[in-house]
1. If only one of Asp164, Asp169 is over 24 Å from Ile15 (Cα atoms) and at pLDDT 90 or above, which one is it?
2. Given Leu113, Leu98, Leu119, which one is surrounded by 15 or more Cβ atoms within 10 Å (Cβ to Cβ), assigned by TED's automatic domain parsing to the domain that holds Trp18, of a type in the set (A, V, I, L, M) and over 17 Å from the mean Cα position of the chain (by Cα)?
3. Glu46 is checked against (1) out of contact with any Phe, Trp or Tyr (no Cβ under 6 Å at 6 or more places or on another chain); (2) surrounded by 16 or more Cβ atoms within 10 Å (Cβ to Cβ); (3) assigned to a strand (DSSP E or B) and fails just one. What number does that condition carry?
4. Restricting the range 3-19 to residues that are surrounded by fewer than 15 Cβ atoms within 10 Å (Cβ to Cβ) and charged (D, E, K, R), which is farthest from Leu34 (Cα to Cα)?
5. Hey, could you check the range 69-95 for residues that are part of a loop (DSSP other than H, G, I, E, B) and surrounded by 15 or more Cβ atoms within 10 Å (Cβ to Cβ) and say which is nearest to the chain's Cα centre (by Cα)?
6. Test Leu183 against the criterion of being surrounded by 12 or more Cβ atoms within 10 Å (Cβ to Cβ) and within 22 Å of the chain's Cα centre (by Cα), and give yes or no.
7. Spot the failing condition for Val189; the list is (1) at pLDDT below 90; (2) within 30 Å of Leu116 (Cβ to Cβ), and only one is missed.
Amino acid sequence: MGFPVKKYDRLHSLIARWGVFPEDVYYAIENGALCTCVWLPLRYLERGIIRNRKFIYEQHEHKEGFVGVRPQDFHRICSCGCLKLRIFRSITQEGHILRMADEPPQPSISVRLSDLVILQKDRQQFEETYDIKADNVLDFVKQPAAPEFSASRDYRHITYEGKDYQLGDVQAQIIEQLYDAVLTDNPWVHGKTLIHVAGSRAVRLRDLFKNKAKWRDLIISDARGRYRLNVKPDEKKKAASVG
């Protein structure tokens, strides 16, 4: 039995689908290239447009369902973790704004990053516009085996998917940390931890591996700031690590 077709996706599932870092998706949203929505409980709203930075009222209505989150509000949600919202984009009329009415008084809604979704039509339009292919769509029938991986003792030389790579000191230390984690029951390591232990001043993990073509296949993200190697651990080493 197949799964029902989804009408929307959460951010973390799209990040996994496209095989990109969260920052790439967040940048697209903050700059208006990709639209996010949130579920609005029943509220009385005022519909209108913004003209010369002023709200021009058009009509009064009540609504329950998805409404669009403005790019500037998404930026604040990313910065603060949670934001109380009273103003939204209309997803049915281009350029229209929905704001909660003062009469009768309407409570704001608290919106977190995990509350946001991307409607299917917006995802499809974004993928078509930027020619994005789904790199990481889950196959519920059969998951492919993890690619082959081997590394030298100092992790300066690795082989991945049949290709050889030479790594710098910081890159090698990060790969070593991630492989050590693979040998445990918790293979995920926070990006800031990886960078700190490696002694780097970089802000993002992607900056340290941008010269390696296959690094996004080798290092995968959980969309919450943590990373793991996309490899199958050596069972002998794993047994030794817990013995």
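1. Being over 24 Å from Ile15 (Cα atoms) and at pLDDT 90 or above holds for just one of Asp164, Asp169, which is Asp169.
2. From the options Leu113, Leu98, Leu119, the qualifying one is Leu98.
3. Here Glu46 clears every test but (1).
4. My answer is Lys6.
5. Arg70
6. Working: surrounded by 12 or more Cβ atoms within 10 Å (Cβ to Cβ): yes; within 22 Å of the chain's Cα centre (by Cα): no.
For Leu183, the condition - surrounded by 12 or more Cβ atoms within 10 Å (Cβ to Cβ) and within 22 Å of the chain's Cα centre (by Cα) - is not met.
7. Every listed condition holds for Val189 apart from (1).
The values are calculated or read from the model by the stated rules, or taken from the named source; none is laboratory data. This structure is a prediction, so every number in the text was calculated from the model and none was measured. Virtual Cβ from ideal backbone geometry, glycine too; neighbours counted across all protein chains shown.
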